[in-house]
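The values are calculated or read from the model by the stated rules, or taken from the named source; none is laboratory data. This one's a predicted model, so the numbers in the text were calculated from it and none came from an experiment. Cβ atoms come from the backbone with ideal geometry, glycine included; neighbour counts cover every protein chain shown.
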């Protein structure tokens, strides 16, 4: 018996939907809703019909972009109404919304992208979609139909930004319309099937008050960092993956005066600066012929010819580190960047390694002198066991002692245990040490307070 015959039989048998086979929704982790499998064939039929109708009407002209949503929703309602099936009003509404997401959006990912509490989406093949919510990873109830369905979503995203993915080039980085960072890797490299990772960014950028409210940083630490930015100190934000480096960099860059010319350089434009005079540069991967690549290093070099007051590099991870350090050492004070590291001390070793990747035969001592003279402050951020993100160290780079870069903490976070809800408790402390560059900050007309360095 076909689907429509079964539905017709069900409809004639009773006007009351059977709760077990009527397409009732099932709630899963985080309240995400999915449809009962009874609707799977119906959705497939309607999906094929609306695609055929769109293709048929394409020659006559599809409505303008602002009217497309209304056009698709009305067409979906009409197609569902034509089917001999009893669907509750709530399920009908959800069915229309899910079909719309399949036709015009990113299918099962759309509800996850719309949820402001979700910060990361990880698709490990069609039937396993994990999410990060409040710093914790959990399995969602969202599922794709099959591997081809995941590939369809990947192709829709990459084609919209002029990228390409296939077996010959099975990895791609891209950026969604809302600024979220997108990465996909497909077979034969991904054995689980097509794999998607999306790092979401808040539609409304976090502010200083948000970070203080989240207890990610103390008010004294934030006031000190504001003075450092306004006083044109060179700052590097370090931390692990997902520790909040880009969010903090965005907040710090907000302290740059509106009168200065800012050039931002990123792999995928994520920073959301509010100043008027901002030039945003984005790197470009090679095309299908392997030509046309523009690296972060190329953009850093070019930015020096653009008369910047400040250079902000989203992240240094390779040879561009040398050019960034040279820019900081040659008059572009007040520059900002981020880098992956497990601590401020380990960051020094990573910077050395990344400078060596530039291919220049520099002695280690010369590299360390470049680092110590270029960078004034390391702000180290961590994602802790309870999922919270905190600035755990603000460290000054003092200089060189022999062949060693000397560091001293100005502020630090000290964990003190867990509360009844499993949240990590602790406090931010000052070491009582006054940074050596306070006079330089004061000479820029920036207010410096002694009580910042008192507990």
Taking residue 372 and the conditions (1) closer than 20 Å to residue 437 by Cβ; (2) surrounded by 21 or more Cβ atoms within 10 Å (Cβ to Cβ), which numbered condition does it fall short on, given that it satisfies the others? (2)
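A quick yes/no check of all residues on (1) surrounded by fewer than 21 Cβ atoms within 10 Å (Cβ to Cβ); (2) in the same structural domain as residue 390 (by TED's automatic domain parsing); (3) touching a helix residue (DSSP H, G or I) at 6+ places or on another chain (Cβ under 7 Å):
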site: 316; (1), (2), (3): no, yes, yes
site: 324; (1), (2), (3): no, yes, yes
site: 327; (1), (2), (3): no, yes, yes
site: 335; (1), (2), (3): no, yes, yes
site: 338; (1), (2), (3): no, yes, yes
site: 343; (1), (2), (3): yes, yes, no
site: 347; (1), (2), (3): no, yes, no
site: 350; (1), (2), (3): yes, yes, no
site: 355; (1), (2), (3): no, yes, yes
Boolean, residue 158 is out of contact with any helix residue (DSSP H, G or I) (no Cβ under 7 Å at 6 or more places or on another chain) and modelled with pLDDT of 85 or more: yes
Within segment 248-288, how many residues turn out to be over 16 Å from residue 313 (Cβ atoms) and crowded, with 20+ Cβ neighbours inside 10 Å? 1
Would a scan of segment 286-295 turn up a residue that is in contact with a helix residue (DSSP H, G or I) (Cβ under 8 Å, 6 or more places away or on another chain) and either touching a residue at least 60 places away in the same chain (Cβ under 8 Å) or more than 26 Å from residue 369 (Cβ to Cβ) (or both)? no
For segment 117-132, enumerate the residues that are surrounded by fewer than 16 Cβ atoms within 10 Å (Cβ to Cβ) and closer than 17 Å to residue 180 by Cα. 117
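Where residues in segment 289-309 are under 23 Å from the mean Cα position of the chain (by Cα) and surrounded by 14 or more Cβ atoms within 10 Å (Cβ to Cβ), which of them is farthest from residue 338 (Cα to Cα)? Before the answer, list the steps.
First, pick out the residues of segment 289-309 that are under 23 Å from the mean Cα position of the chain (by Cα): 293-297, 299-300.
From what's left, surrounded by 14 or more Cβ atoms within 10 Å (Cβ to Cβ): 294-297, 299-300.
Numbers: 294: 20, 295: 17, 296: 13, 297: 15, 299: 16, 300: 14 Å.
Among them, the one singled out is 294.
For segment 238-246, indicate whether the set of residues that are in contact with a helix residue (DSSP H, G or I) (Cβ under 7 Å, 6 or more places away or on another chain), modelled with pLDDT of 90 or more and assigned by TED's automatic domain parsing to the domain that holds residue 410 is non-empty.
The first filter runs over segment 238-246 and keeps only residues in contact with a helix residue (DSSP H, G or I) (Cβ under 7 Å, 6 or more places away or on another chain), leaving 238-239.
From the residues that got through so far, the ones that are modelled with pLDDT of 90 or more too are 238-239.
If we keep only those that are assigned by TED's automatic domain parsing to the domain that holds residue 410 as well, we get 238-239.
Yes, segment 238-246 contains at least one residue that is in contact with a helix residue (DSSP H, G or I) (Cβ under 7 Å, 6 or more places away or on another chain), modelled with pLDDT of 90 or more and assigned by TED's automatic domain parsing to the domain that holds residue 410.
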Just one of the numbered conditions (1) closer than 27 Å to residue 216 by Cα; (2) touching a residue at least 40 places away in the same chain (Cβ under 8 Å) is not true of residue 258; which one? (2)
